[in-house]
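Peer 1: Have a look at the structure that comes next, please.
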Amino acid sequence: MAPPNNSSMAPVSEFVLICFPNFQSWQHWLSLPLSVLFLLAIGANATLLIAIRLEASLHEPMYYLLSLLSLLDIVLCLTVVPKVLDIFWFDHKSINFSACFLQMFIMNSFLTMESCTFMVMAYDRYVAICHPLRYPSIITDQFVAKAAIFIVTRNGLLTMPIPILSSQLRYCASHIIKNCICTNMSVSRLSCDDTTFHQLYQFVIGWTLLGSDLILIVLSYSFILKAVFRIKAEGAVAKALSTCGSHFILILFFSTVLLVLVITNLARKRIPPDVPILLNILHHLIPPALNPIVYGVRTKEIKQGIQKLLKRLKI
């Protein structure tokens, strides 16, 4: 038997990201809309955060939860998009071993944090509509602080083993990742170790966290709709539903893009590999870009807060 190739067993210090392996000539053109979406996402979320911070009328639990969502969106965008644009513009395809797994951790944990934030926001709307008299005593600043700690702790701790397990694998073959970002599936595919437990853990944790959040969101809106249609006062139904409209649209954006991404990954053999790569990038851009715009357009208080902010800046 021939001795093992020492070069193939050398530890990997970096990976090489190959974006859109079949359509690399498109990268410069694709960078233009991605740049616009990135600037829109960062600018809109930053504006929303500043408006909520400066406008006293927005110092309420519902808007604090929206601030948390904006913070998560900003971190996700900054974790993914700058490296993608760096590859598109300057052809800097290499990524440090540690940086790759840090990116993986942030993507996994912050994605589930967003889902959990939507769940808490759904509970907030449930209490506001189904128990309006008890709302001030239940949804307090202390409730928001505890919810934020729960969101960060639950999702951070349960998703942390995913990059840790991936980093402990032996990468003794190719170090070329056919993706623009360090997703767990793309990276672990390069390992020469058995990744069954590793992939099973990610599957169970991912569906447990996202699935439980989705179930609770559906239950909250079921109770909300049941309570709303019992209201007999004229215009009360439309007013109650309008308070949930923005939140429901955000969940729809988040869930739709995530669902399409999951379906394309399951049907990977029938779909060109560049499609799920593009959808993965867009999932970190489209919801963050649209979330503050939807709330800004549909929520009178936020709209007024942003207008006051722009007047202060004399824009």
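Peer 1: Leaving out ligands and nucleic acids, and using a 1.4 Å probe, what accessible area per residue does the chain come to in Å²?
Peer 2: Ligands and nucleic acids excluded, the result is 53 Å² per residue.
Peer 1: Compute the long axis of helix 61-90 from its Cα atoms, compare it with the longest principal axis of the Cα atoms of the chain, and write down the angle in degrees, 0 to 90, nearest 10.
Peer 2: Approximately 30 degrees, to the nearest 10.
Peer 1: Ignoring ligands, DNA and RNA, what percent of the accessible area of the chain is carbon or sulfur (1.4 Å)?
Peer 2: Accessible surface attributable to carbon and sulfur in the chain totals 69 percent.
Peer 1: For S94, enumerate residues with amide H under 5 Å from its amide H, sequence gap 5+ or separate chain, H modeled in the peptide plane.
Peer 2: HN-HN under 5 Å from S94: L17.
Peer 1: Could you compute how much accessible surface I176 exposes when probed at 1.4 Å, giving the result in Å² to the nearest 10?
Peer 2: My reading of the accessible area for I176 is about 70 Å².
Peer 1: Same structure again: No solvent, one uniform scatterer per C-alpha: report log10 I(q)/I(0) for segment 83-232 via the Debye equation at q = 0.08, 0.16, 0.17 1/Å, two decimals.
Peer 2: The Cα Debye sum returns log10 ratios of -0.35, -0.90, -0.97.
Peer 1: For the chain, take the longest principal axis of its alpha carbons; what is the angle in degrees between that and the long axis of helix 27-54, to the nearest 10 within 0 to 90?
Peer 2: 40
Peer 1: What do you get for the angle between helix 141-159 and the principal long axis of the chain? Use alpha-carbon atoms, 0 to 90 degrees, nearest ten.
Peer 2: Roughly 20 degrees between the two axes.
Peer 1: Reachable aspartates and glutamates from K178, Cα under 18 Å, same-chain residues fewer than 8 places away excluded?
Peer 2: Within reach: E14, D86, D91, D274.
Peer 1: Defining a contact as two alpha carbons under 8 Å apart and six or more residues distant in sequence, what relative contact order in percent does the chain show?
Peer 2: That works out to 31 percent.
Peer 1: Hey, with R₀ at 25 Å, roughly what FRET efficiency would K303 and V75 work out to, going by the Cβ-Cβ distance, to 0.05?
Peer 2: 0.50
The values are calculated or read from the model by the stated rules, or taken from the named source; none is laboratory data. Computed from a predicted model, the values in this text were never measured in an experiment. Please note: Cβ atoms are built from the backbone with ideal geometry, for glycine as well, and neighbour counts cover all protein chains shown. The area values use the complete protein model at the heavy-atom level, side chains included, leaving out ligands, DNA and RNA. Shrake-Rupley method; radii C 1.70, N 1.55, O 1.52, S 1.80 Å.
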